[in-house]
Each structure stands twice: as structure tokens, then as C-alpha cells.
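*Asks:* Structure in C-alpha cells, see below.
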Amino acid sequence: RIAAHLNPPNFELRREECRAKGGAPGFKVAILGAAGGIGQSLALLMKMNPLVSVLHLYDVVNSPGVTADISHMDTTAVVRGFLGQPQLEAALTGMDLVVIPAGVPRKPGMTRDDLFNINAGIVRTLCEGVAKCCPNVVVNLISNPVNSTVPIAAEVFKKAGTYNPKRLLGVTALDVTRANTFVGEVLGLDPKTVDVPVVGGHAGVTILPLLSQVKPPCSFTPEETEYLTKRIQDGGTEVVQAKAGAGSATLSMAYAAAKFADACLRGLKGDAGVVECAFVASEVTELPFFASKVRLGRAGAEEVYQLGPLNEYERIGLEKAKKELAESIQKGTNFIKK
Ligand code: NAD
Ligand code: LMR
């Protein structure tokens, strides 16, 4: 067990009372896989989020150290650590948002689908815990291959009778972050002012940036369109190759995940007009899951937006994306059903 001083019950009570007096909205957030490359940076960023009152850090290794370290930050959230399967239930009970970056990352030469055999089982176990301990929570699923792990999570929740499609979101925020950055570079704009919708899924050709819908409105030459689309689709591989065996994107992912989690919390708080791209249950295409813009609210993904008008290049990309997505979704669904 984690040393008692890491989870001081009296201090915690006093801090929670203080917070209640101040009337500050506080959400309880768990990170599963919190000692990993993404998990640690994400824990840091969530500890800095004023909407978070309690932060649970769960992993099968090293969570006591990460918890001790993060808990010394002088920000509001109370941090508690949980180590190993026997502590999963305690980590999940009472949570409002569960973010899952648990699982193995790619090495050079691998596709995200090559992670399926290991990560599918990890996601199943963690989602079984969610269904049992916090069935109404909002789940942000980061573990790859997202195109399959989200269908896995959905089937686990269906089996447990807890499935709420609005509350299960595959995290594709890094694709949007990359798209805004690369488009900003080409246009000579601050990426903060750029908004690129990225739809489809989260692997290779399933990542479909809609460059015809970039804000502020602009146009690209065919060469720019080709360069940007490929760079956004291959952004993950670019980092995997640069890290040369030491893993995949962790820092930019933690940044994107923290922004996305913050958007989910603002939605839960009742803020209006919170819109982000995510891989969700969808009727936008014939596929059961698809990434597109969604409006986040108290119920989770309250509205899934249509794709809007696509140009010829994007229509061709959409057909390619759907073909690969259909297989990845089916593979995830079969993992639980069969
Ligand atoms: P990492 O190996 O650094 O960390 C993963 C962590 O998960 C480790 O600390 C490990 O102990 C933990 N873990 C393993 N099994 C677990 C279990 N059963 N319960 C709880 N924790 C468990 O890997 P990383 O770089 O942080 O990447 C994690 C995952 O995120 C990978 O699958 C990676 O492909 C994926 N990823 C997704 C995106 C995205 O855009 N959705 C971006 C980057 C990485
Ligand atoms: C990413 O897009 O960076 C992640 O999905 C990790 C990977 O394997 O590329």
C-alpha cells in the first residue's frame, strides 16, 4: 500500500471543507496509467487545473513516487495515489472524469494496430473497473489503437449494462493540436488563432484534416494540401521515429489531453459552447464510431456535429478513412463479443 502520509485523511477533510465554503466547483479526476510518459505530464497539468478538486493517480508501477512528487505542488487539487489492481476500485470510486493513457506505446516500424494484443486487454480490465465503480463517469480514452479501444470500452460497458455513448470519448485532440500547428506554420499565423477540424479516427489515413474548413478562412495550393494532410496523418510516426525506440508522443499528448479534459470539465460544469473533436458513437457516417466536432456539456458529448461540405480531395480521403476504420472498429467489438 502507499504510505499513509501520501493520503492524509484529516488534511484532506479540512481542505475539502475549505473548498466547500469557497463554493469553488471541484471535479474528481482519475488518471489510469499515471506513471507513464503521458500520465506523469498529464498529472502535472491536471494538478494545475483549478476545476479539479481531487486527483487520483493509478498505475501498476511507480504511482507512489509520482503521487508524492505531484502532491507537493501548491495548487488546490488533493492528490491520492493507487498502486496495482487491488487498488483500482478505490481509485475509481466517486470520480467525475477518468482519463486512460494506460498501455504500451509504439516503437519505430510498428503501426498503432500492432499494440492491439497488449492494450486491448488493459483497456478491458480498466473499463470493467469503471463500469463497476463509477458507471456515470465521463471517460477520455487515450490508449492506442483508439479506433479499436473505444469500441472495446463500449462493449465492456454494454455487457455491464452501463453504456452511455455520450460519456465515452476517444481522444483525438493531438491530431487537432498538430493540425493547428502545421497549418499555422504554412500560413504564418499564431497556431492559437487557427482551428482545423480533424475527423475520422486516430491512425494513418483515418486521420482526416478538413483543410477546406480551416478558421480563419484561407486556401491552400494542391501541394500545400498534400503536404499538410500527410504531415498531420503521420505526426505520430514522426515522433516515434525521432524518439528512436524510446516511445511515442508524451509531452504534446499530455498537453492535448489536458486541454481536452479541461473542455470536458467545463462542459460538465455547464459552460456553453464547448466544442472539440473526439472519436465517439456517431451517426454522421454509416460507421458506429467516428471522430468529428462534438459539443461537450453536462451529459458529456451532447451533440455530434455533421462534417459540413467537403471538397473532392476530402471526399476521397473520407472513403479511404471509412474503409480502414470499419475494420478497426469491428476488431475492437469482436474482442469482447467473441
Ligand atoms: P508509457 O509506457 O510511457 O506509459 C504507459 C503506462 O501505462 C505505464 O506507466 C504502465 O505501467 C501503465 N500501465 C500498463 N498496464 C496498465 C494497467 N493494466 N493499468 C494501469 N496502468 C497500466 O506509454 P505512453 O507513452 O504514456 O503511452 C500510453 C498509451 O497512449 C499508448 O498506448 C500510446 O500509443 C497511447 N497514445 C495515444 C495518443 C492519442 O493521441 N490518443 C497519443 C500518444 C500516445
Ligand atoms: C500519436 O499520434 O502520437 C499517438 O497515437 C502515438 C503513436 O503511436 O503515434
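The values are calculated or read from the model by the stated rules, or taken from the named source; none is laboratory data. Source: prediction; values computed, not measured. Heads up, the Cβs are rebuilt from the backbone with ideal geometry, glycines too, and the neighbour counts pull from every protein chain shown.
*Asks:* Looking at segment 64-89, which of its residues are under 17 Å from C133 (Cβ atoms) and assigned to a helix (DSSP H, G or I)?
*Replies:* Hits for segment 64-89 are Q85, P86, Q87, L88, E89.
*Asks:* Out of curiosity, is G109 in a loop (DSSP other than H, G, I, E, B), on the phi > 0 side of the Ramachandran plot, within 14 Å of ligand 1 (Cβ to nearest atom) and not polar (S, T, N, Q)?
*Replies:* The answer is no for G109.
*Asks:* Let me ask something else. How about segment 264-279: which of its residues are under 23 Å from N147 (Cα atoms) and surrounded by fewer than 18 Cβ atoms within 10 Å (Cβ to Cβ)?
*Replies:* Hit for segment 264-279 is V275, nothing else.
*Asks:* Residues of segment 297-319 being of a type in the set (A, V, I, L, M, F, W, C), in contact with a strand residue (DSSP E or B) (Cβ under 9 Å, 6 or more places away or on another chain) and free of Cβ contacts under 8 Å to residues at least 60 places away in the same chain, which ones?
*Replies:* The one that is of a type in the set (A, V, I, L, M, F, W, C), in contact with a strand residue (DSSP E or B) (Cβ under 9 Å, 6 or more places away or on another chain) and free of Cβ contacts under 8 Å to residues at least 60 places away in the same chain: V304.
*Asks:* Suppose the filter is farther than 18 Å from P197 by Cα and not in a helix (DSSP H, G or I); does A291 pass it?
*Replies:* Working: farther than 18 Å from P197 by Cα: no; not in a helix (DSSP H, G or I): yes.
No; evaluated as a whole, the condition is false for this residue.
*Asks:* Hey, another quick one. Quickly run through segment 138-172 and pick out the residues that are more than 16 Å from P288 (Cβ to Cβ), surrounded by 24 or more Cβ atoms within 10 Å (Cβ to Cβ) and of a type in the set (A, V, I, L, M).
*Replies:* V138, V139, I142, V171, listed by residue number.
*Asks:* Okay, next question. Does S143 satisfy the condition of being within 13 Å of ligand 2 (Cβ to nearest atom), within 29 Å of L51 (Cα to Cα), hydroxyl-bearing (S, T, Y) and touching a helix residue (DSSP H, G or I) at 6+ places or on another chain (Cβ under 6 Å)?
*Replies:* Yes, satisfied.
*Asks:* Sort through V284, V275 and tell me the only one that's modelled with pLDDT of 95 or more, in a strand (DSSP E or B), away from ligand 2 (no atom under 16 Å from the Cβ) and not acidic (D, E).
*Replies:* After ruling out the rest, the residue left standing is V275.
*Asks:* So which of A256, A244, A249 ends up being modelled with pLDDT of 95 or more and either touching an Asp or Glu at 6+ places or on another chain (Cβ under 8 Å) or surrounded by fewer than 22 Cβ atoms within 10 Å (Cβ to Cβ) (or both)?
*Replies:* Testing whether each residue is modelled with pLDDT of 95 or more and either touching an Asp or Glu at 6+ places or on another chain (Cβ under 8 Å) or surrounded by fewer than 22 Cβ atoms within 10 Å (Cβ to Cβ) (or both) leaves just A244.
*Asks:* Another one. Under 7 Å by Cβ, and 6 or more places apart or on different chains, what pairs join a residue from segment 268-294 that is closer than 18 Å to P209 by Cα with one that is polar (S, T, N, Q) and in a loop (DSSP other than H, G, I, E, B)?
*Replies:* Short answer, once both residue conditions are applied: C277/T172; A278/T172; F279/T172; V284/Q306; F289/S282; F290/S282; A291/T172; S292/S282.
*Asks:* Among the residues of segment 47-97 satisfying the criterion of being under 20 Å from the mean Cα position of the chain (by Cα) and acidic (D, E), which is nearest to N140 (Cα to Cα)?
*Replies:* Step by step, filter segment 47-97, then rank; the result is D96.
*Asks:* Which residues, taken from segment 25-63, are in a helix (DSSP H, G or I), small (G, A, S) and within 16 Å of ligand 2 (Cβ to nearest atom)?
*Replies:* G37, G39, S41, listed by residue number.
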